[in-house]
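Encoded as structure tokens, the structure appears first; notes follow it.
The values are calculated or read from the model by the stated rules, or taken from the named source; none is laboratory data. Here the structure is a predicted model, which is why all the values come from computation and not from measurement. No Cβ is skipped: glycine too gets one built from the backbone with ideal geometry, and neighbour counts run over all protein chains shown. For accessibility, only protein heavy atoms count, side chains too; no ligands or nucleic acids. Shrake-Rupley method; radii C 1.70, N 1.55, O 1.52, S 1.80 Å.
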Amino acid sequence: AASWAQGSPLATPLNSTEKIHITADTLEADNKDNSFVFRGKVKVVQGETEVTSDALLIRYRPETEKEATEEVSPSGKIEIIEATGNVIVLFEGRTAKSDKAIYDGNQETLQLIGEKSTVIDGPNTISGSKITLYRNEDRIKVESSRDNRKDRVTAIIFPDKMKSDEVNPSSANPATPE
């Protein structure tokens with residue numbers, strides 16, 4: 001499988017076509033605030049994606065009268081999904097871990113926030129204090145904490161076998177053509 005370093009960094013951790021199944025110890029719905037708050041051993045499953053956390057906040061855009069009469073996908077109404085506390089996201093064979101994860105349905109981005117935020121893809125690992133996955137742009141941005149100069153962005157990458165026409169001339173140990 002192609003790694004995030006060489007392939008798509010964010011295939012679809014969450015998408016707009018499949019149902020979202022959420023389990024938790026408690027659920028609090030607030031129609032005035034347009035939100036749902038799940039607490040206690042939260043587990044979210046959508047297709048092949050699974051998110052676990054201590055708490056989960058969903059903010060949604062209220063339905064207008066026009067939308068109520070039209071067919072609108074449920075995720076089109078979800079604006080923000082914010083998981084906090086011991087967050088683990090499993091998607092496309094990858095594992096993401098952080099203190100907080102924020103999925104923005106409008107921008108289609110996933111932010112992993114916390115000093116030890118990490119994305120693991122097979123043997124490849126990236127870490128930083130903030131990792132942003134841009135679904136529509138097929139890119140990823142990793143940032144270090146501005147407050148702690150010791151914590152820097154870290155990437156451990158094991159390149160796939162390179163083709164002879166893709167040899168990196170600056171590499172200390174260039175791949176040999178087969």
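Quick look at the values:
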{"quantity": "Restricting the range 137-178 to residues that are at pLDDT below 85 and polar (S, T, N, Q), the residue that is least open to solvent (accessible area, probe 1.4 Å)", "calculated": "Ser145"}
{"quantity": "Only listed residue being in a strand (DSSP E or B) and over 16 Å from Gln46 (Cα atoms), chosen from Ile113, Ile88", "calculated": "Ile113"}
{"quantity": "When residues of the range 53-68 are limited to those that are in contact with a strand residue (DSSP E or B) (Cβ under 7 Å, 6 or more places away or on another chain) and open to solvent by 40 Å² or more (accessible area, probe 1.4 Å), the one modelled with the highest pLDDT", "calculated": "Asp54"}
{"quantity": "Check on Ser73, modelled with pLDDT under 85 and over 27 Å from Gly47 (Cβ atoms)", "calculated": "no"}
{"quantity": "Which numbered condition Glu28 fails, given (1) at pLDDT 85 or above; (2) surrounded by 13 or more Cβ atoms within 10 Å (Cβ to Cβ)", "calculated": "(2)"}
